[in-house]
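Q: Structure in structure tokens, see below.
Only the coordinates and a few stated rules stand behind these numbers; no lab work does. All values reported here derive from a predicted model rather than from experimental measurement. We place every Cβ from the backbone using ideal geometry, glycine too, and count neighbours over all the protein chains shown.
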Amino acid sequence: MIPALKINNLSFKYHDGTEALRGISLDIKEGECVGLIGPNGAGKSTLLLHMNGLLPEIKTDNPSVFVNGKPVNSKSLELIHRTVGLLFQDPDDQLFCPTVFEDVAFGPQQFGINENDLLNHVGNVLKMVGLSGFEKRSPHHLSGGEKQRVCLAGILSCNPKILALDEPTKNLDPRGRRELIKLLKTIPTTKIIASHDLELIVELCDRTIVLDQGIIAAEGRTIELLADERLMLEHGLEKPHSLKHRHPH
Ligand code: ADP
């Protein structure tokens, strides 16, 4: 079967010469939920930006990223943006409309939703993320956690087949975090979640990839990998409390 997402020997350098990714290859199957962990600067955000074609800024003729078998290049970008919903780490990078309604409606409008259905659709998605009644609020005057949920609503409103989430719990309080985990469990799409919240990774992801200095340092079943204290410490991470009594094979 064609993987939902395939990355084939991807390397990427920023303009200032920083080598953020060095020869990354991975396959993600349809319906899988994969964790992406690693210290700050490991390349997690850079990798997610490649998954929906926001990077590289200069499109090459030699693509390394394939979504449902289609190469990510300048010709496929619109389809890729529809297929892969990327939640940015910083909500302020994602929100740009004067009202929550407009922000959440933007994607579906671009994709040609019937105007009669729009009001209902936005209302339903806001309900999913726990923000019913926020339609007329200004996204810029919301709390960090609320902004994060508006961003998520904006992505879910486009019904993406793949969700790429960058630190989705970063701004959330404990209740918001629990609700997000519950919500993500109900969404059956393929997911890639970059996070320092290792308990969330344990709860949601069957498989995890450890990224460090732009390379895949380890990958495997989440509970096996994260129970390996030595591996975790080696890559600036910590063995999660929930796996305290579990020992790696
Ligand atoms: P992570 O998400 O794992 O913290 P990033 O993908 O943000 O890692 O960063 C990977 C590397 O690329 C780091 O060394 C970081 O400093 C560098 N980097 C990230 N964004 C830029 C940028 N816009 N310009 C130059 N270097 C960058």
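Q: Over region 108-249, what relative contact order in percent results from Cα pairs under 8 Å that are six or more residues apart?
A: Result for region 108-249 is 15 percent.
Q: When DSSP assigns beta bridges and you keep just the ones with both residues in the chain, what percent turn out antiparallel, to the nearest 5?
A: Close to 50 percent.
Q: Simple spin-label model, 7 Å along Cα-to-Cβ: Phe106 to Ile187 in nm?
A: 1.7 nm
Q: Of Leu165, Leu95, Ile155, which is farthest towards the positive pole of region 94-179's charge dipole, taken about the Cα centre with +1 and -1 on the beta-carbons of Lys, Arg and Asp, Glu respectively?
A: Projecting each Cα onto the dipole axis, the largest value belongs to Leu165.
Q: Right, something else. Rounded to two decimals, what is the ratio between the C-alpha radius of gyration of the chain and 2.2 N^0.38 Å?
A: Compactness ratio reported: 1.01.
Q: Starting at 0 and stepping by 5 Å, how many percent of the alpha carbon pairs of region 121-174 end up in each bin?
A: Bin by bin from 0 Å, the calculated values are 4, 20, 31, 26, 16, 4, 0.
Q: I would also like to ask the following. What do you get for the angle between helix 144-156 and the principal long axis of the chain? Use alpha-carbon atoms, 0 to 90 degrees, nearest ten.
A: That helix lies at roughly 80 degrees to the long axis.
Q: Mind scanning Lys13/Lys244; Lys136/Lys239; Lys44/Lys185; Lys29/Lys136 and naming the pairs with a C-alpha gap bigger than 32 Å?
A: Cα-Cα > 32 Å for Lys13/Lys244; Lys136/Lys239; Lys29/Lys136; rest within.
Q: Right, another one. Could you tell me how far the Cα centroid of region 200-218 sits from the Cα centroid of region 14-41, in Å?
A: What the calculation gives is 9 Å, centre to centre.
Q: Another one. Kindly express, to the nearest 10 degrees and within the range 0 to 90, the angle between helix 115-128's C-alpha long axis and the longest C-alpha principal axis of the chain.
A: The answer is roughly 50 degrees.
Q: From the convex hull of the Cα coordinates of region 111-249, what is the mean projected area in square nanometres?
A: Its average projected convex-hull area is 10.1 nm².
Q: Sort Ser76, Ser64, Ser157 so that the residue with the fewest other Cβ atoms within 10 Å of its own Cβ comes first and the one with the most comes last.
A: Ser76, Ser64, Ser157
Q: Within region 23-118, list the trypsin sites (Lys or Arg not before Pro) lying in a DSSP loop whose Cβ has at most 15 other Cβ atoms in a 10 Å radius.
A: Here the sparse-neighbourhood loop sites are Lys29, Lys59, Lys75.
Q: May I have the pair-distance distribution P(r) for region 1-103, computed from all Cα-Cα distances with 5 Å bins from 0 and rounded to whole percent?
A: All Cα pairs, binned at 5 Å, distribute as 2, 11, 20, 24, 20, 13, 7, 3, 0 percent.
Q: I would also like to ask the following. Tell me, Val202, Val72, Val210 in order of fewest to most beta-carbon neighbours within 10 Å?
A: Ordered by Cβ neighbours within 10 Å, fewest first: Val202, Val210, Val72.
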